């Protein structure tokens, strides 16, 4: 049924594009024979209405108008798609703009908007954009969208749909039900936020997605977003919502290297510990850092901070002590090629395929299949469908499609020769990506980013308005100076001396490196560099770099673009240990971030995953940091050691 629906929709688009005068419904029913398969005239009418609505939802501008507007009683409607409204405007991009556009699209590679970014980039290839040009830039940021409820909030925001959800504010013990009109969403401080109008409080409010409790439900109705709303301004207002607060923690001598670097003063604490006095904006992050130090650190004040550490440790211990159900780990099925998953994906691919081939006549079958994320067999089916699609009564209007020699050629396809305008998600993927780049030190100062953003916003038309509704910021204020300094070192092929924190050993080390590239994973920036101490390529987290000094020209492994950015932060080794963790749904990101090799779904809704690691010393602290969202299942000795580690740490926090 899906294949027939796609064929019917494709023929409807081709027919409506082929005429200025338009078609009546009955003329379309004659022209497109698949409508004859409807069980009755009434069913055929409903089928046509659904098809019109579907095309409009996909951003394809089906226009209806009265055949003779001079007479009010004339009810005959004609339908058409105007070429100027359908086609992506004829904008062109320079090689520099092409590079930053490719970079903006790759930012969503493993995120919810990744497929939309890929579609948008395919359309722009007919406008001179070459995705491989992005490889000339030794920097790859990524925008993380695996926060809870991201997809639901994204849908509500872009469709102007009211939502309800349970919410637990910071420091509050009970959650409340919120009714909100979403105005925009944005990422800052490593978290996604929703900004909108709270219907019960009659005021604009900001909600962190990770604090939404229970399902997010879309409600009937719509609304108008204030003309002066800007998500960037709402994100900036978080500085006032979360001002720096004083906090104190007692740590054992020689421990807490990261916290000591942030301490304003150090005084004598209790039990022979050092008392570190800090000012922090995010008590949740400080509590997670403190819990990860186990018995070596004790939160002192404020009370809210102490309660959060106590809760994290006691919840982690409770989950770790819980008996485990039986399960069998399995290797997940390889994703392989994405097959047609419905009329939306299939129709979009077909409409994109024609202008892509016309811009690349003689395109290789295998390479084209890879570009569109399908198998070579599926691509052949798509091309055969294009070959037989077109006006029923005008055979000369059919497209000429040839791919017998594994080279694709398409002729006589003028109506579909130009890429369709961007949909909302496609425009968002690129515009928000470019806007995020514009705020990054170094890249943001590039004139190519500003000019590409201006051209893209103009080409997107109404869909370009998403730029004020969605915003993502990766320029962590603490890492920004280091990020800019490292970019300069990479561009100048300079060697650097780093003062680097190793949390697993809780110590500061000195490293001599030749910087190569910068990339981000889950809102965390990394430097890829040749480490002279290890005599190998290593990855360094920027938030763990606490000193940078230029020491002259790089000696080896100068910046280059001959290899792809790393898809994983972990390289398997023959001496690695295998660790099985049991994850709550909120911690499933661990499976992807740590390259889980095998997994199993448990009856209670949790997931068991198997990780490979060079050593296991860091695991208990990691479990504590997750605050009850994960537990060690095996090996048995690590499970027992983690229980003992957590029990000792939790003993510092007797019940309140």
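Laboratory data are not the source of any read-out in this text; all were calculated from the coordinates shown. This structure is a prediction, so every number in the text was calculated from the model and none was measured. Reconstructed Cβ throughout: ideal geometry from the backbone, glycine too, with neighbour counts over all protein chains shown.
Values computed for the structure shown
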| quantity | calculated |
| --- | --- |
| Helix 114-125 axis, angle to the chain major axis (alpha carbon atoms, nearest 10°) | 50 |
| Burial ordering of 418, 318, fewest other beta-carbon atoms within 10 Å first | 318, 418 |
| Inter-centroid distance (Cα atoms) of the range 365-435 relative to the range 595-643, Å | 45 |
| Binned Cα-Cα distances of the chain, short to long, each 10 Å bin given as a whole percent | 3, 13, 21, 24, 20, 11, 6, 3, 0, 0 |
| Projected area, mean over directions - the range 2-86, Cα convex hull, nm² | 5.9 |
| Bridge type composition, the chain - antiparallel percent by DSSP, nearest 5 | 95 |
| Mean Cα-pair separation over length for the chain, i.e. relative contact order, pairs under 8 Å, 6 or more apart, % | 16 |
| Global form of the range 150-241, assessed from the alpha-carbon gyration tensor, a/c cut-off 1.5 | rounded |
| Using alpha-carbon coordinates, inclination of helix 376-387 to the longest axis of the chain, degrees | 30 |
| Mean residue ellipticity (222 nm) of the chain, computed from DSSP H runs ≥ 4 via -39,500 (n - 2.57), nearest 500 | -10500 deg cm²/dmol |
| Sorted by Cβ density within 10 Å, fewest first, the residues 79, 305, 65 | 65, 79, 305 |
| Hydrodynamic radius (Kirkwood) for the range 245-318, which is based on Cα pairs only, to one decimal in Å | 12.0 |
| Folded to 0 to 90 degrees: helix 41-57 orientation relative to the chain principal axis, Cα | 50 |
| Gyration tensor (Cα) of the range 480-553, equivalent ellipsoid semi-axes in angstrom | 17, 15, 11 |
